[in-house]
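Written below as structure tokens is the structure these notes are about.
Where a number appears in this text, it was derived from the coordinates with a stated rule and is not lab data. Just so we're clear, the structure is a prediction, and the values are computed from it rather than from any experiment. Heads up, the Cβs are rebuilt from the backbone with ideal geometry, glycines too, and the neighbour counts pull from every protein chain shown.
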Amino acid sequence: GKVLEGVDLNGEKMACMKLGSKTDAFQRQGQAWFCTTGLPSDITVEVGDMTFHLHKFPLLSRSGDMERMIAEASDKAEEGFSIKLSEIPGGAKTFELVAKFCYGVKLELTAANVVYLRCAAEHLEMTEEYGEGNLISQTEIFLNQVVLRNWKDSLKAFQTCDDILAYAEELHITKRCIESLAVKASTDPNLFGWPVREHGGPMQSPGGTVLWNGISTGARPKNLSSDWWYEDVSTLSLPLYKRLISAMMSRGIKQEIISGSLTSYAKKYLPGLNRRQGSNEPNNRLAPVGLTSPPTEEEQKLFLEEIDQLLPIQKGLVSTKFLFGLLRTAMILKASASCMSNFERRIGMQLDQATLEDLLMPNFSYTMETLYNVECVHRILEHFLAMDQVTGGASPCSIDDGQLMGSPSLTPITMVAKLIDGYLAEVAPDINLKLPKFQSLAAAVPDYARPLDDGLYRAIDIYLKSHPWLAETDREQLCRLMDCQKLSLEACTHAAQNERLPLRIIVQVLFFEQLQLRTSIAGCFLVSDNLDGSRQLRNGLVGSNEGGWTTAVRENQVLKVGMDSMRMRVSELEKECSNMRQEIAKLGKVKGSSTWGTVSKKFGFKMKSQMCSAQEGSVSNQNNTSEKVEKPKEKHVRHKKSLTLDG
């Protein structure tokens, strides 16, 4: 036979080999085929629902199996008899081609039928013993010299193995196709001298130029990237795809490339993944071409577990959004616990790349009351923290406060802390969310991961607002999760006026807000002193620089205005603190005279009751000095009055 280029039923170009020279002498009438050679038929072959009216000699001269069956049937019947072929690979369609080959009728070998014909020829024993150039040798030549040398034809032949897998395995056809595809996928596609893609792309000449109607245009095709074969292998069934990917992994293809193929295949096999994809991600097909209908839930569940086995557990191989999609689908399909746990672990390894939308996974279980799956997010966070410890993540004991805010190694865990705080704020309005579950997730984030507790304060405030029936002790316990010293000035101002917070927390917030203001004022004084010193130096060195002096004066005025506003705020806070202390003292008179000391202990301050008094007295150093001088004078006057009375 001569190797030519043909076109299959789908319009795809593929190599083919023409066998035989006679014109087609077969005609079909309903469910029967007739040979129109002019001689009456002397044998009937039944293959499934189809009947072939043929002649004995062309069949037995090419097939050992047919020779044996015809001999056995001839002993039982003198004239026309029937033979049933129920197990021939490929069924009636393949036997039609075999019969044409036996009659010497023109026959085209293609990548789509060569596997069927090779297996059928083996089944019918069409060896060289029954004629030179028999069907076994012809199909083997075409397989090895044409099909397996080409990516597109190897893939087509590999797909056909799915229907007759047992026969193809016995003849090692499946293995040869897998090896051919794996070698080509691991080789630079730009080195090939033939078209490697089945779907799309221009045809190329052996020299690599683009072909138009079989004529070389001289134009060079664009270089292909390493993912050129993703679209093609996504048409395979799951068992064949799994074997091909395993072979590619054994050949050392990069895990990033393998993971990319798994992602592409999963998006077509699992319809649920495409419901949440972005608008920039095309959704051409929900299932591989080989599937006549969308996969069942059981098939999807099986595929998810296969993905879990094939996908390496390594950070950054696939996107976090894709992993969340797999986990969400696994929950819906009720996949195995180990499968879901492995997906959670993979997500935990790259949780810093997730978004708030990813974390908001609804509860698919009827046994859980909450709207979102908070427990799953907690487990994912634990995986991230465990990985952070293994990779040498920073801890409060290993670094000081100065390094804490600026260390680049803390960026991932800081991002995760911000993400979890945002998640807590989203789930807080759920009235079914129990306090222990909320507290557990909030407390799981290490203290050093939060430079500021503003996000946590917002989540706690939302939770308190949505759960007004919480007892005072529960409120205090919840508020202990945040550190008042790590609240920004804006958050402190809001918290000081927040009626939902316990009184103890408000007092602490007021105290630390004053400390922040005092620190800011001290910093302003320091800046002012530095500016004064720089002005004197500037006047001594460059007396004629009038423009610099004007700028310095303006800066000084701005600083004074800022300090005046801060002093007013401090004064207001001190009045509030003083009023609060008086109210607490009035409430505690019935319990004893040492009420303020008891209350201060109750509020858990590290400093004693001198806080407010010290704060009130620290506005001006001159006032403190004058009070110290006046106190002895008052004592002296009182002593004189007592002497006069005694006298």
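Say R0 is 60 Å: what FRET efficiency, to the nearest 0.05, do I431 and A32 get from their beta-carbon distance? Could the numbers behind the result be given before it?
On the way: r = 74 Å, r/R0 = 1.23.
Efficiency computed from Cβ-Cβ geometry: 0.25.
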statement: Under the 7 Å Cα-to-Cβ spin-label approximation, N144 and S571 lie apart by a distance in nanometres of 10.2 nm
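If I take R0 = 30 Å and measure r between the Cβ atoms of A71 and E169 in this structure, what FRET efficiency does the formula 1/(1 + (r/R0)^6) give, to the nearest 0.05?
With a Förster radius of 30 Å, E is 0.45.
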task: Past 22 Å, Cα to Cα, is the threshold; run K175/K267; K267/K301; K93/K242; K268/K301 against it and keep the listed order.
output: K175/K267; K93/K242
- line: Quick calc: nm separation of the 7 Å Cα→Cβ label points for S82 and M580 -> 10.1 nm
Region 456-507 - convex hull of alpha carbons, volume per residue in Å³: 69 Å³
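Using a Förster distance of 41 angstrom, determine the FRET efficiency expected from the C-beta separation of Q485 and S264, and round it to 0.05. Mind dumping the intermediate values first?
Values: r = 50 Å, r/R0 = 1.23.
Approximately 0.25, to the nearest 0.05.
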message: Once you order the gyration tensor axes a ≥ b ≥ c over the Cα atoms, which shape class does region 233-272 get: rounded for a/c under 1.5, otherwise prolate or oblate by comparing a/b with b/c?
response: oblate
- line: Once phi for every residue in region 179-184 is put through the Karplus expression 6.51 cos²θ - 1.76 cosθ + 1.60 (θ = phi - 60°), the whole-Hz ³J(HN,Hα) values, with Gly and Pro written as x, are 4, 4, 5, 5, 5, 5
query: For the pair S336 and E369, how long in nm is the line joining their label points, each one 7 Å along Cα→Cβ?
result: 3.4 nm
